[in-house]
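One structure is given below, encoded as structure tokens.
The values are calculated or read from the model by the stated rules, or taken from the named source; none is laboratory data. All of these numbers come straight from a predicted model, not from anything done at the bench. Every residue, glycine among them, receives a Cβ derived from its backbone with ideal geometry; neighbour counts consider all protein chains shown. Only protein heavy atoms, including side chains, enter the accessible area calculation; ligands, DNA and RNA are left aside. Shrake-Rupley method; radii C 1.70, N 1.55, O 1.52, S 1.80 Å.
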Amino acid sequence: MDQLGSRAPKKRSRALAVPVGLALTASLAFLPVVSASAAPLGNTADAAPASKGDTSGPKLSYVANLNAYATMKAAKKAVERAGGTVVTAYEQIGVVVAHSQNPDFAKQLRAQRGLFVSVGATRTAPMTAARTTEEGATQQLSAADAAKAAAVAQEGQEPLEPNQWDLRTIKADEAHKINDGSRNVTVGIIDTGVDDTHPDLAPNFSKGQSANCVGGVADTTEGAWRPYADGSDHGTHVAGTIGAARNGLGVSGVAPGVKIAAIKVSEPGTSLFYTESVVCGFMFAAEKGIEVTNNSYYVDPWLFNCKSDDDQKALVEAIGRATKYAERKGTLHIASAGNSDQDLAADSLVDDSSPDDATPVPRTIDPKVCLDLPTQLPGVVTVSATGDKGLRSYYSSYGLGVVDVAAPGGDKWQVPNTPDANGRVLSTVPGGGYGYKQGTSMAAPHVAGVAALLKSAHPSATPSQLQAMLKAQSTKAACPTQIYNAAGTLIDATTCASKWGQTGYYGYGVIDALKAVK
């Protein structure tokens, strides 16, 4: 089975061009002003009754987004009155994470307009012990293929580098002759955890900037950031693409001189990424001075979050506040576009996978108003995937004005002239091994690595300046005449649109590591 590296065992991401009117509040200063008719903060006439509320429902997790003039103290008291327990509170962005078994918990808090802008459940299924599920097999590097690569490796190359067609596609191999990146730059991998004991990752791993954010509270105890024993190798694979060391072992990362950190946000067993964990991840990255985050996932349980829905609206608001806060602290976010082969600039799309923590109910959505998180948030760089031949990968989502840049994500039908003849991306996996994956999850870390090289060369550059450089330095790519479909057949590329010097398949173009270090 081929794992598409969907922004995490099933996921993706992106950024810049979000329709006017959908831009999230950049800070609490820009939140809606309380109307004259809204109840003042001390008025509880329209508030929940001063009781602990009903506790007959399933235990769910919620995010409550404060109004610009609300105090955190008043918000916490309101949560408790409605039968909730505060898990954590982010005063910097006005977001409270809470648990409750009151079926009317969100409804009661929403009624308090003087306190809350939006309140929503982060999941549809009760919080229970995680179950073990298969996520698809990674294709392991065989001893024979490793030997073939090592036999032809040239001086200065890592032993498996001859198989890394992806590095040569973006000229990372040439960039390494000039600059491997600065130790003053850290890329935070918000994912399923990273095996920092891997010999190709240990030299660059930053324990002091790593944590387990599952549940919404950062756990920085030794090893908390590592994958679960029954968990995914996804984050470790992403980490190698970004920052595997040039140490004479295995592979090389795009930016082998920078530091990498792990921020684990996926649930054990299911590898689902819930809002409270992702918000914690962005906030932790901001407070720890991480310059770039890689986000190869989408936030569960909704593939697209519609602001017409009270719960989904709250998730968009909470994550948007967290990403924007981190940007103001100097963090650039990179995200994958997704593996659904969908046009994210279309008038409508069918979402048949949501909610993915319960029974999905097919629905038709407008991707301009129902957002894939975090990839469609303002300021996030959205990345599509390409293969060795430069064509859009058959699984990669796309969209004119949505995709910002493209990068190698692998495509089994675009076979490279390498010792292993494998069109997927080779990188690190837990336990000291190496394996192949394909997906926009594999494309995003190439961009995160180039962004880290840019930050190394321009240490005072802001996230918006780094994003502008990524786009300006990309190699322009016109719409192709044909691409491969999922069956490996060449078909006409009729879905590629172009305008404003961009294309729906590649955005501003394919990223270039060599230009970043020059």
For Pro463, the lone unmet condition from (1) touching a His at 6+ places or on another chain (Cβ under 9 Å); (2) surrounded by 24 or more Cβ atoms within 10 Å (Cβ to Cβ) is (2)
Counting only residues in the range 366-389 that are more than 24 Å from Ala486 (Cα to Cα) and of a type in the set (A, V, I, L, M, F, W, C), the one most open to solvent (accessible area, probe 1.4 Å) is identified as Val369
Given the condition open to solvent by 20 Å² or more (accessible area, probe 1.4 Å), touching a strand residue (DSSP E or B) at 6+ places or on another chain (Cβ under 8 Å), assigned to a loop (DSSP other than H, G, I, E, B) and in contact (Cβ under 8 Å) with a residue 24 or more places away in the chain, answer yes or no: does some residue in the range 150-168 qualify? no
Filter pass, Val238 being outside any helix (DSSP H, G or I), touching a Ser or Thr at 6+ places or on another chain (Cβ under 7 Å) and closer than 23 Å to Ile170 by Cβ: no
With the condition being in contact with a strand residue (DSSP E or B) (Cβ under 8 Å, 6 or more places away or on another chain), I'd like the helices (runs of 4 or more DSSP H) fully within the range 418-518 carrying at least 1 qualifying residues. 440-457, 463-472
Answer yes or no: is there a residue in the range 228-235 that is out of contact with any Cys (no Cβ under 9 Å at 6 or more places or on another chain), assigned to a helix (DSSP H, G or I) and modelled with pLDDT of 95 or more. yes
Can you find even one residue in the range 265-279 that is crowded, with 24+ Cβ neighbours inside 10 Å, polar (S, T, N, Q), modelled with pLDDT under 95 and not in a helix (DSSP H, G or I)? yes
Is it true that some residue in the range 140-156 is within 26 Å of Val429 (Cβ to Cβ) and under 27 Å from the mean Cα position of the chain (by Cα)? yes
So for the range 176-191 (the condition being surrounded by fewer than 18 Cβ atoms within 10 Å (Cβ to Cβ) and either touching a Gly at 6+ places or on another chain (Cβ under 6 Å) or within 14 Å of Val450 (Cα to Cα) (or both)), does at least one residue qualify? yes
With the condition kept exactly as written, say whether any residue in the range 390-406 is among the charged types (D, E, K, R), touching a strand residue (DSSP E or B) at 6+ places or on another chain (Cβ under 9 Å) and open to solvent by 20 Å² or more (accessible area, probe 1.4 Å). no
Out of (1) modelled with pLDDT of 95 or more; (2) under 28 Å from Lys455 (Cβ atoms), the one Ala487 does not meet is (2)
Among the residues listed as Asp356, Asp388, the single one being assigned to a loop (DSSP other than H, G, I, E, B), under 18 Å from the mean Cα position of the chain (by Cα), at negative phi and charged (D, E, K, R): Asp356
Residues that are among the charged types (D, E, K, R), surrounded by fewer than 24 Cβ atoms within 10 Å (Cβ to Cβ) and assigned to a loop (DSSP other than H, G, I, E, B): does the range 285-292 have at least one? yes
Answer yes or no as to whether Thr71 is surrounded by fewer than 23 Cβ atoms within 10 Å (Cβ to Cβ), closer than 18 Å to Gly215 by Cβ and among the hydroxyl-bearing types (Ser, Thr, Tyr). no
Yes or no: Gln101 farther than 21 Å from Tyr325 by Cα and crowded, with 18+ Cβ neighbours inside 10 Å? yes
For the list (1) closer than 26 Å to Gly409 by Cβ; (2) open to solvent by 30 Å² or more (accessible area, probe 1.4 Å), I need the number of the one condition that Tyr297 fails. (2)
Determine the pairs where a residue that is touching a residue at least 12 places away in the same chain (Cβ under 8 Å) and on the phi > 0 side of the Ramachandran plot, located within the range 424-451, has a partner that is assigned to a strand (DSSP E or B) and small (Gly, Ala, Ser) with Cβ atoms under 7 Å apart, the partner being 6 or more residues away or on another chain. Gly439/Ala385
Can you tell me which of (1) modelled with pLDDT of 95 or more; (2) assigned to a loop (DSSP other than H, G, I, E, B); (3) closer than 30 Å to Pro268 by Cβ; (4) not hydroxyl-bearing (Ser, Thr, Tyr) is the one Met127 doesn't meet? (1)
Out of the range 330-353, which residues are more than 20 Å from Ser296 (Cβ to Cβ) and either hydroxyl-bearing (Ser, Thr, Tyr) or not in a loop (DSSP other than H, G, I, E, B) (or both)? Asp343, Ser348, Leu349, Val350
